[in-house]
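**Q** This is the structure I want to talk about, given as structure tokens.
The values are calculated or read from the model by the stated rules, or taken from the named source; none is laboratory data. On a predicted model such as this, the values are computed, not experimentally measured, just so you know. Glycine also receives a Cβ, built like all others from the backbone with ideal geometry; neighbour counts cover every protein chain displayed.
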Amino acid sequence: MKKIFTITAIFAVMIWTASVAFAAPGTLSFNPAAATVAAGGSVTVSVEADDATGIAGAALTITHPDTLTVTVASDVFATFISLGYDSADGLDTNNQVDGFDSPVVANSVSGTGTKIAAASPTALDGTNNVLFKVTFTAPADAVEDTEYPITITATSLSNEAAGYDAAGETIDILVGISGDTYPTLLSKDATGLGTGTVTIGADFTPGDVDNDGDVDIFDVLGAIDIMNMAAADQPGAAGFGAANRVDTDDIINLFDLLGIIDLMP
């Protein structure tokens, strides 16, 4: 049975068929698998295929706590016009389909995460294996050292208008193009999908005493200045946090100085 692969109406341009055996990528993974973001800040994690050659569509879910806000971009799926869509595919004079200029959809689902889908009329050539760039934004009141798990899973759709069961139907993760068919590259039952973490970290670079973005001799000199202060007068965590987190205590001493020197390029 043919189905329109869709999360919203823009995927009315892509028709999918039943699964067909086909050479397939082995995995999807996060890069980096362990990301750190400051409270109130953002960090971008790539969703990568081991080999993107032949991929024409993707549907996956990034599971994450509702605490993290997610936005999604893609260089390889880019825009409708860059991928060669035309009026026959529903492209209007503004190079949009139903008000969208990109064949990438990302929908946040409370308690689940973010569903992502994309489609191309031609297969990717494998020169770029990064399918999506997922940006996680942490709340301003996030507690340092909190670790949030993130995973890549198959997506369940319940859009009856697109041919899916109203109770929910899990769909394949990656598809390719073979003539007029769209065979499965990575099935809904695939293993080896990425897992990772987003951890709330400090909003400074350890050892960067003067907060200029580099760890260098000026930071060593700054640490020496702090060392010459009485312990009660040192800035502590509220001040030169980058220095006193070198060895995680609240006093700047010889151990911090040596730690900063170790961190210098």
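**Q** Exactly one condition in (1) among the small types (Gly, Ala, Ser); (2) out of contact with any helix residue (DSSP H, G or I) (no Cβ under 8 Å at 6 or more places or on another chain); (3) at pLDDT below 90 is not met by Ala119; state its number.
**A** Going through the list (1) among the small types (Gly, Ala, Ser); (2) out of contact with any helix residue (DSSP H, G or I) (no Cβ under 8 Å at 6 or more places or on another chain); (3) at pLDDT below 90, Ala119 breaks only (2).
**Q** I need the full set of residues from the stretch 204-249 which are at pLDDT below 60, more than 28 Å from the chain's Cα centre (by Cα) and part of a helix (DSSP H, G or I), in order please.
**A** Gly236, Ala237, Ala238, Gly241, Ala243, Asn244
**Q** Between Thr181, Thr170, which is under 30 Å from Pro121 (Cα atoms), at pLDDT 85 or above and not aromatic (Phe, Trp, Tyr)?
**A** One residue alone meets the criteria, Thr170.
**Q** Okay, next question. I'm trying to understand the selection: among the residues of the stretch 148-187, which are surrounded by fewer than 17 Cβ atoms within 10 Å (Cβ to Cβ) and not in a strand (DSSP E or B)?
**A** Ser158, Glu160, Ala161, Gly163, Asp165, Ala166, Ala167, Gly168, Gly179, Asp180, Ser187
**Q** While we're here: Cβ contacts < 8 Å: first residue assigned by TED's automatic domain parsing to the domain that holds Ala142, restricted to the stretch 21-44; second residue among the aromatic types (Phe, Trp, Tyr) and at pLDDT below 90, any location; separation 6+ or different chain. Result?
**A** none
**Q** Pick from Thr135, Thr122, Thr112: which is among the hydroxyl-bearing types (Ser, Thr, Tyr) and free of Cβ contacts under 8 Å to residues at least 60 places away in the same chain?
**A** Step by step, each of Thr135, Thr122, Thr112 is checked, and only Thr112 is among the hydroxyl-bearing types (Ser, Thr, Tyr) and free of Cβ contacts under 8 Å to residues at least 60 places away in the same chain.
**Q** Could you list, in sequence order, the residues of the stretch 94-120 that are under 22 Å from Tyr182 (Cβ atoms) and buried (at least 17 other Cβ atoms within 10 Å of the Cβ)?
**A** The first filter runs over the stretch 94-120 and keeps only residues under 22 Å from Tyr182 (Cβ atoms), leaving 97-98, 100, 102-107, 115-120.
The answer is Val97, Ser102, Pro103, Val104, Val105, Ala106, Lys115, Ile116, Ala117, Ala118, Ala119, Ser120.
**Q** Being assigned by TED's automatic domain parsing to the domain that holds Leu60 and closer than 28 Å to Thr195 by Cβ is the requirement here; does Ala142 meet it?
**A** Numbers: assigned by TED's automatic domain parsing to the domain that holds Leu60: yes; closer than 28 Å to Thr195 by Cβ: yes.
Answer is yes for this residue.
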